[in-house]
Amino acid sequence: MAVFGPDRVVFGGDWPVCTLVASYREWATALRAIIADRPEAEQRKLLHDNAARFYSV
């Protein structure tokens, strides 16, 4: 996000491969911890808003 900015990044998971070493809940919790220092608006863009805008949904 430092390079492209919060308006040009979307979350992309590796499911179901990520569940080979941890549950999806554990993986999602780790992701939330990684982005916890970002403002709420940037987190929302990463996890939802940017994809919704891109796919026009």
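Rule-based calculations on the coordinates, nothing more; no lab input. Source: prediction; values computed, not measured. Here the Cβ positions follow ideal geometry from the backbone for every residue, glycine too, while neighbour counts run over all protein chains shown.
Descriptive notes on the structure:
- Label of the coordinate-derived value, log10 I(q)/I(0) by the Debye sum over Cα atoms at q = 0.15, 0.20, 0.24 Å⁻¹, listed as (i) -0.46, -0.74, -0.95; (ii) -0.49, -0.81, -1.01; (iii) -0.57, -0.74, -0.87: (ii)
- Helix 24-35 vs. the chain, principal-axis angle (Cα, 0 to 90°, nearest 10): 40
- Structure-based [θ]222 nm, the chain - -39500 (n - 2.57) summed over DSSP H runs of at least 4, per residue, nearest 500: -10000 deg cm²/dmol
- Taking amide hydrogens as placed 1.01 Å from N in the peptide plane, the amide H of residue 9 sits under 5 Å from that of no residue at least 5 positions away in sequence or on another chain.
- Each residue of the stretch 8-14 was assigned a 3J(HN,Hα) from its phi angle through the Karplus curve 6.51 cos²θ - 1.76 cosθ + 1.60 (θ = phi - 60°); the sequence is 10, 10, 10, 6, x, x, 10 Hz, with glycine and proline shown as x.
- Dipole size of the chain about its Cα centre, with +1 on Lys/Arg Cβ and -1 on Asp/Glu Cβ: approximately 100 debye, rounded to the nearest 20.
- Dividing the mean sequence gap of close Cα pairs (under 8 Å, 6+ apart) by how many residues the chain holds gives a relative contact order of 50 percent.
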